[in-house]
Amino acid sequence: VQLQASGGGLVQPGGSLRLSCAASGSTWRIDVMGWYRQGPGKQRGLVAEITRDYRTNYDDSVKGRFTQFRDNAKDTISLQMNSLKPEDTAVYYCYALEPAGTKYWGQGTPVTVSS
């Protein structure tokens, strides 16, 4: 499985961005897809994830602001990020997880929230 992430960039506080991640290869293996992020001086942590049957899970810090979408037909996920805050500044990593536990990572895409 290969993952290609896109959509990061610079945005002002209160603004919005949409990240996308496309999976290719043996995508039938994948159950969960989602995003982790790593901010400056911080450990990598879960942001949001979605199962193949569209159940979602969000970190408390993004609940109500971020929405995770999935298109199984296209093997893609999208993370709509609204009301962005400076503390959302991080490198965002797409991931995919097989039921057996194998995890795949995409390249990081940077998000900077600054005025």
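Brief remarks on what is shown
- For region 1-27, filtering for residues that are crowded, with 18+ Cβ neighbours inside 10 Å, part of a strand (DSSP E or B) and not small (Gly, Ala, Ser) leaves 5.
- Among the residues making up region 81-115, a single one is in contact with a helix residue (DSSP H, G or I) (Cβ under 7 Å, 6 or more places away or on another chain), surrounded by fewer than 17 Cβ atoms within 10 Å (Cβ to Cβ) and of a type outside the set (D, E, K, R): Ser114.
- The residue pairs whose first member lies in region 40-51 and is open to solvent by 90 Å² or more (accessible area, probe 1.4 Å), whose second member is modelled with pLDDT of 95 or more and part of a loop (DSSP other than H, G, I, E, B), and whose beta carbons are closer than 9 Å, counting only pairs six or more residues apart or on different chains, are Pro40/Thr89.
- The number of residues in region 7-28 being hydroxyl-bearing (Ser, Thr, Tyr) and at pLDDT below 95 comes to 2.
- Strands (runs of 3 or more DSSP E) within region 53-108 that include 3 or more residues under 19 Å from Leu10 (Cβ atoms): 76-81, 90-97
- In region 62-76, of all residues being surrounded by fewer than 13 Cβ atoms within 10 Å (Cβ to Cβ) and without any contact (Cβ under 8 Å) to a residue 40 or more places away in the chain, the one that is nearest to Met33 (Cα to Cα) corresponds to Asp71.
The values are calculated or read from the model by the stated rules, or taken from the named source; none is laboratory data. Note that the structure is a prediction, hence the values are computed from the model and not measured. Every residue, glycine as well, gets a Cβ built from its backbone with ideal geometry; the counts of neighbours run over all protein chains shown. Protein only, heavy atoms only, side chains kept; ligands, DNA and RNA dropped before computing areas. Shrake-Rupley method; radii C 1.70, N 1.55, O 1.52, S 1.80 Å.
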